[in-house]
Amino acid sequence: MQNSEVFILAIESSCDDTAAAVLHNDKVLSNIVANQLIHQQYGGVVPELASRAHQQNIIPVVDAALKKANIHKKQLSAIAFTQGPGLMGSLLVGSSFAKSLSIALQIPLIAVNHMQAHILAHFITEEGFDKPTFPFLALTISGGHTQIVKVNDFFDMKIIGETTDDAVGEAFDKSAKILGLPYPGGPLVDKYAQLGNQKAFAFTKPKVPGLDFSFSGLKTAILYFIQKKKLENPNFIDENLNDICASIQATIIEILMDKLKLAVKETGINQIAIGGGVSANSGIRKTLFEAEQKYGWKTYIPKFEYTTDNAAMIGIVGYQKFLSRNLETSAVVSKARIQF
């Protein structure tokens, strides 16, 4: 189905960001995100507080997205929303709103897999950004997921490697917490790492067979290392913060790159696309761009605002599903865990 006037309203509420976007075909007209600062005082996301904040934010955010796009709700072709994975309370706020509005406007409803959306964000038309061609390998890295996915088509994807325990974003945030940095700590580790010596301290990489990952052992090693060093010198963190962060980040990047190199070798595919909140990390981006020259890969990194949780990525999946008439009824249910 081809239609030059497809307008998709997209809603993302899988965790602690309330987001809405309006797309005209594969172009983003607006992409609004409301962050929830309340979680900072708890050192992590509190699910009940997240769902309450979504209830407060969703109407203003959707209204702002429509106004910025200069689109009236009667012009909308369909409403796409995040079905899962995510926090159930948060997901229910987004899905309930999307269902109600689709019924009121009598337009189609489209359910979207959040992790597929991180991958397909690469297909948003954006000046200065190329789109991958099928097949390609996607590295999805976030606070809750670490996966290598073989992408054969828009909705023909297969996970060929994933974490057996903690996600890479968890490793960054917990390392930051060990260092006494505020939540969310991952971006701060990246910030200080840019000022430090990545070879200052050595951390053992976990030995995991195949293309799977593990980060729990690395987190434990970092904890014991810091505890030992603080006993020797109570000011160790303050005196070595940049070098510690650089060494931690370099180790994590090396783990990711080792698995990517193996995936390229096993599949013969050298197109690499990354997505998810951790793909905003400057060290990971730099290393992947260097891999283009070093290994002959073609690397795709989406626009920064499409890496962290956002509704534009939900909208591009909604657009592709709308074209193929892959629609839902109001009976569709949110799922904290969802089949890929």
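Consider G277 carefully, then state whether it is within 20 Å of the chain's Cα centre (by Cα) and of a type in the set (G, A, S). Taking the combined requirement at face value, the residue satisfies it. There is at least one residue in region 230-245 that is more than 24 Å from M313 (Cβ to Cβ) and surrounded by 21 or more Cβ atoms within 10 Å (Cβ to Cβ). With respect to the stated conditions, G315 is in contact with a strand residue (DSSP E or B) (Cβ under 9 Å, 6 or more places away or on another chain) and closer than 19 Å to A80 by Cβ. If you go through region 307-321 and keep only what is assigned to a helix (DSSP H, G or I) and open to solvent by less than 10 Å² (accessible area, probe 1.4 Å), you end up with A312, M313, I314, G315, I316, V317, G318. Of all residues in region 198-224, those being more than 23 Å from the chain's Cα centre (by Cα) and of a type in the set (S, T, N, Q) number 3. Candidates are the residues of region 126-154 that are of a type in the set (D, E, K, R) and assigned to a loop (DSSP other than H, G, I, E, B); the one that is most open to solvent (accessible area, probe 1.4 Å) is E127.
Within region 254-282, residues that are buried (at least 23 other Cβ atoms within 10 Å of the Cβ) have Cβ atoms under 6 Å from residues that are acidic (D, E) in these pairs: N281/D190, counting only partners at least 6 apart in sequence or on another chain. Check region 77-94 and report whether any residue there is at pLDDT 95 or above, part of a loop (DSSP other than H, G, I, E, B) and either open to solvent by 10 Å² or more (accessible area, probe 1.4 Å) or closer than 23 Å to S324 by Cα (or both). The answer is yes, given that some residue of region 77-94 is at pLDDT 95 or above, part of a loop (DSSP other than H, G, I, E, B) and either open to solvent by 10 Å² or more (accessible area, probe 1.4 Å) or closer than 23 Å to S324 by Cα (or both). Is at least one residue of region 252-263 touching a strand residue (DSSP E or B) at 6+ places or on another chain (Cβ under 6 Å) and more than 26 Å from A171 (Cα to Cα)? The answer is no, given that none of the residues of region 252-263 is touching a strand residue (DSSP E or B) at 6+ places or on another chain (Cβ under 6 Å) and more than 26 Å from A171 (Cα to Cα). Each residue in region 155-184 was checked for being part of a loop (DSSP other than H, G, I, E, B) and open to solvent by 50 Å² or more (accessible area, probe 1.4 Å), and 7 pass. Note on region 284-306: residues that are open to solvent by less than 40 Å² (accessible area, probe 1.4 Å) and part of a loop (DSSP other than H, G, I, E, B) total 3.
Among the numbered conditions (1) modelled with pLDDT under 95; (2) under 21 Å from E290 (Cβ atoms), the only one that P209 does not meet is (2). Within region 115-125, being more than 18 Å from H24 (Cα to Cα) and open to solvent by 10 Å² or more (accessible area, probe 1.4 Å) holds for one residue alone: Q116.
Considering (1) open to solvent by 10 Å² or more (accessible area, probe 1.4 Å); (2) at pLDDT below 95; (3) over 29 Å from I253 (Cβ atoms), the lone condition that A50 does not fulfil carries the number (1). Set side by side, the residues L120, L101 differ, and just one is modelled with pLDDT of 95 or more, assigned to a helix (DSSP H, G or I) and over 15 Å from the mean Cα position of the chain (by Cα), which is L101.
The values are calculated or read from the model by the stated rules, or taken from the named source; none is laboratory data. Remember, it's a predicted structure, so these values are computed and weren't measured experimentally. Glycine also receives a Cβ, built like all others from the backbone with ideal geometry; neighbour counts cover every protein chain displayed. Protein only, heavy atoms only, side chains kept; ligands, DNA and RNA dropped before computing areas. Shrake-Rupley method; radii C 1.70, N 1.55, O 1.52, S 1.80 Å.
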